[in-house]
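Each remark here refers to the structure printed beneath this line.
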Amino acid sequence: MSRPAPETPDAPDASRAPGPAAVHDVIAVGCGPFNLGLAALASTVDDLDLVVLEETAELHWHRGMMFDDASMQVNFLADLVTLVAPTHPLSFLAYLHDRDRLYPFTVRENFFPSRVEYEDYLRWAAARLPSVRFSHRVLAVRRDPASGLFVTEVERADGTRLRLAARHLVVGTGTAPHLPDALTELPEERLLHTGEFLHRGADLDTADHVTVVGSGQSGAEVVIQLLERNLAGGPAVSWLSRTPSFAPLDYTRLVLEMTTPDYMRYFHGLPEATRDRLLAEQWQLYKGVSADTLAAVHELLYRRQLRHGLRPVELRPGVSVLSAATDAGTGTDGGTAPDGAPATAGVLLTCRHRDTGRTFEHRTDLVVAATGYRARTPAFLAALEPLIRRDAAGRPVVGADHAVALDTGGAGKLFLAGTELHSHGASAPNLDIGAIRNATILNAVTGREVYRLPKTTAFTDFAPPPAAPADSLPGTGTAADV
């Protein structure tokens, strides 16, 4: 694989440029943890030319949820590289050593870094990877029919444009905040997603009643922040969730084996309908709340009992929000808010209690949607859209190597990073699978095993035993072990 010539900007109208300024082996779009990990692993492969293009000026990770006390839900070994390359120079341990924090981290005896520390690690790694190019916005990608290359139109922050090409393309632009249809009619000043919580302090400061809709880790962390505000004399708080309880992530050992590469391979081989059924059943693998976070919620609720004059708080699981509208705030709260809650102008939620079927109204000032994230198809892939094969539900068909099935010739592949929940299971968006996926992608694009993948990652056998030959079945006269 040859090294590219230095890049030069195209003419202002990049569509008229005669050809790409550079041809890479791999272009990765988006610099979140997954593509950053891809760049890290690729950095030690001598004959591989990979570039990561990121439209923002610097790396930021979940800034709207960067609470000082928030910790990761995976331990430090689930960094960019360790699970396939434990001696890699861009491991989390190497970061701690470089920052002179390795010994304090050991004494701390808590192997779950804070979210702030993990972001600092990502920024440390990005600064050591010349292949990562910030302020490079991808405008469009098309596939050249003659060469099979992915041709990428890129705009820099100063407005100059480049045309780059690559044999393979990795899309790691992440997921988008999801708002259910029931909430989409609310005006912006009355609605925010958890992903922007820390950026909406002014709206929180003026609300007398804040309602969190949805559970999961993000929802619980926001509830903690709101309960702390409540204890300091802040707004009333409601927490509504469709789930029958505020349930923890299932972190028991053998259940965690369902987030391993072994289970991911098994899951990928199942029929589409079976995969969809299993994902619905396995929500506590990726939508639950950490036990420590639930304990913190309970502790704050307990502390409230010792205080008087605070605005009310309610936790109500098993509730679906049917619709939302702005409300004049006249009358009472329909009996749905805690006793003594004053009527407030703002939002009227129409809800249904899932166990009883009873419909009721809930009034609040501000809704925080803890409704998660969904996979998105970036606009720059519009020209490739006709080539992407889709399943019965309209989702991309994704191979075991994380490559999208394309209706076109050529050896080059289009890979997805982190949005293949439907094809690879609950582990797909997890940080602890990132290094495995990236090693799989690099092995695929190089055509050899540049990184050895683990052969056994679970004690559990998920598949049935191999079919026995007819002459060894019970009743055939062949001795069988019991």
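None of the figures in this text is laboratory data; all of them are computed from the coordinates on show. Since the structure is predicted, the reported quantities are computational estimates derived from the model, not experimental observations. All Cβ positions, even for glycine, are placed from backbone atoms using ideal geometry, and neighbour counts span all protein chains on display.
Given their separation in residues at 0.36 nm each and the Cα-Cα distance between them, residue 205 and residue 358 gain 51.8 nm when the chain is fully extended.
So if the hydrodynamic radius of the chain is defined as the Kirkwood radius over C-alpha pairs, what does Stokes-Einstein give as its diffusion coefficient at 4 °C and 1.567 mPa s, in µm² per second?
52
Within the chain, what percent of beta bridges assigned by DSSP are antiparallel, to the nearest 5? Beta bridges within the chain, antiparallel portion: roughly 50 percent.
Between region 363-398 and region 223-251, what is the C-alpha centre distance in whole Å? If you average the Cα positions of each part, the centres end up 28 Å apart.
In the chain, the sites counted are GluC sites (Glu not before Pro) in DSSP loop states with at most 14 other Cβ atoms within 10 Å, and the longest stretch holding none of them, exclusive of the sites, is 186-448. Calculate the spin-label point distance for residue 231 paired with residue 400, positioning each point 7 Å from the Cα along the beta-carbon direction, and give it in nanometres. So the label points at residue 400 and residue 231 sit 5.1 nm apart.
Label point of residue 314 set 7 angstrom out along Cα-Cβ; within region 237-267, amide nitrogens under 18 Å from it belong to 237-246. Mean residue ellipticity at 222 nm, helices only, the chain: -6500 deg cm²/dmol; runs of at least 4 DSSP H residues each add -39,500 (n - 2.57), and the sum is divided by the number of residues.
Can you give the Rg to Rh ratio for region 252-292, taking only C-alpha atoms and Rh from Kirkwood?
Dividing the radius of gyration by the Kirkwood radius yields 1.01.
Return a whole-number percent for the relative contact order of the chain, with Cα pairs under 8 Å and 6 or more residues apart as the contact set. It comes to 20 percent, rounded to a whole number. Put a dot 7 Å past the Cα of residue 101, heading toward its Cβ, do the same for residue 181, and the two dots end up 4.6 nm apart.
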